[in-house]
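Asks: Below is a structure I'd like to ask you about.
Just so it is clear, none of the values below were taken in a lab; they were calculated from the coordinates. Here the structure is a predicted model, which means the values were calculated and not measured. Because the Cβ atoms are built from the backbone with ideal geometry, glycine has one as well, and the counts that use them run over all protein chains shown.
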Amino acid sequence: EAAPRVVAAARAAAPAADVEPSGATWANRAIDESVERDLRRAELLAAPVLFVVLVLAYGSVVSALLPVVVAALTIGCAVPILGLLAQAVDLSRVAVSAASAIGFGLAVDYSLFLLARVREESARGADLHTAPAAARRTSGRSVAFSAA
């Protein structure tokens, strides 16, 4: 965090001089910024494609929204926790992108378990209230233990 301030101060102190930072700290910072920028771009490109795949896989927009909502809640909880953690330890800027990718992947995976179970119960004749309840009792328990 101090490196950009030092470079700015050096440039301000000697405006005629050509001040260019180097070294491991600056290189690591540049790499982190590049990776973070590339991951954000990849997320923006992948999100619409993934949503279309979810709609096709789940068969409805509402079912496809379930993992999106779960992922948003997961990421919404993980980012502040990572922010607090970053105050105590040196944490890569890529950690937030990694957490969002993992969170979204798990949300899709766990939602697939639950939705498949709801559909299975519905195919057996369960109504709109008992099918989700049965899914929570069976697959929901598996998801809870896996997530813990």
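Asks: Tell me which GluC sites (Glu not before Pro) from the stretch 1-104 have a DSSP coil assignment and no more than 11 other beta carbons within 10 Å of their own.
Replies: Here the sparse-neighbourhood loop sites are E1.
Asks: I'd like the Karplus ³J(HN,Hα) series for the stretch 47-57: coefficients 6.51, -1.76, 1.60, θ = phi - 60°, whole numbers in Hz, and an x wherever there's a Gly or Pro.
Replies: 4, x, 5, 5, 4, 4, 4, 5, 4, 5, 6
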